[in-house]
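K.L.:
Pasting a structure here, questions to come.
The values are calculated or read from the model by the stated rules, or taken from the named source; none is laboratory data. In this text the structure is predicted, and so the values were computed from the model without any measurement. We place every Cβ from the backbone using ideal geometry, glycine too, and count neighbours over all the protein chains shown.
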Amino acid sequence: MNNRQTHGFSLIELLIVVAIILIIAAIAIPNLLRSKMSASDSAAAETIRLLNTAQFTYSTNFPQLGYASTFTALGPNTANPGTCDSTAFCVIDNILAATPAGPSPKGGYQYWLTPGPQTAAGTFTDYAFSAEPGNLNTTGTNVFCTTSDAVIRSQRDAGVIPRLLAALKRLPTARRSPATVLLRTKNEASHFDL
């Protein structure tokens, strides 16, 4: 009689199971990271859209001031909570309003605000927002920018190009002629119409 009983799994069986788990993880993890970056990109585009709406609401309520020149002018009133005025209009959250012009980090992106030209009466006539990933191709893949025309522009793997474009767009129309800017990134050339 053979009294030998087998308990558990053999080493080969355990190694096969571990190998299968590693293969599944190798397939799933890159997809998970791409999904996370895609979600961050979508959230950044939506935040830029929200910032456009906040600027239009601000300029409608304070036509003598025009557009807000800082994030803090659009954010909550920390000195007198519950009171919203031209210095703290309460239309964006305190995360974006943490710094006057940026960077304001949120959801893996950094947001910047560049006020446009100011008239003699003190009215800001334009603005430019930009959002860039905190770590390109890790926290996001696109760079977004917009001005008072409310068109959200995006460039994949563009680095800090939208801040440069925002600075160029700040120039009064009379001082600049329509132009196309050619900027070279690592792998491609990008055309931007000003």
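K.L.:
In the stretch 99-120, which residue that is more than 17 Å from THR147 (Cα to Cα) and touching a Gly at 6+ places or on another chain (Cβ under 8 Å) is surrounded by the most Cβ atoms within 10 Å (Cβ to Cβ)?
P.N.:
Residue satisfying both the conditions and the ranking: TYR109.
K.L.:
Farther than 30 Å from ILE152 by Cβ, out of contact with any Gly (no Cβ under 6 Å at 6 or more places or on another chain) and hydroxyl-bearing (Ser, Thr, Tyr): does that describe SER10?
P.N.:
Against the criterion (farther than 30 Å from ILE152 by Cβ, out of contact with any Gly (no Cβ under 6 Å at 6 or more places or on another chain) and hydroxyl-bearing (Ser, Thr, Tyr)), SER10 qualifies.
K.L.:
Quick one: which strands (runs of 3 or more DSSP E) sit completely within the stretch 42-160 and have at least 3 residues that are modelled with pLDDT under 90?
P.N.:
Answer list for the stretch 42-160: 153-156.
K.L.:
Taking SER42 and the conditions (1) free of Cβ contacts under 8 Å to residues at least 40 places away in the same chain; (2) in contact with a strand residue (DSSP E or B) (Cβ under 9 Å, 6 or more places away or on another chain), which numbered condition does it fall short on, given that it satisfies the others?
P.N.:
Only one criterion is unmet by SER42, namely (2).
K.L.:
Name the residues in the stretch 63-101 that are among the aliphatic types (A, V, I, L, M), closer than 18 Å to ILE48 by Cβ and without any contact (Cβ under 8 Å) to a residue 24 or more places away in the chain, would you?
P.N.:
ALA73, LEU74, ILE95
K.L.:
Can you report the number of residues in the stretch 35-49 which are of a type outside the set (Val, Ile, Thr) and either farther than 14 Å from PRO133 by Cα or within 11 Å of the chain's Cα centre (by Cα) (or both)?
P.N.:
Residues in the stretch 35-49 being of a type outside the set (Val, Ile, Thr) and either farther than 14 Å from PRO133 by Cα or within 11 Å of the chain's Cα centre (by Cα) (or both): 9 in total.
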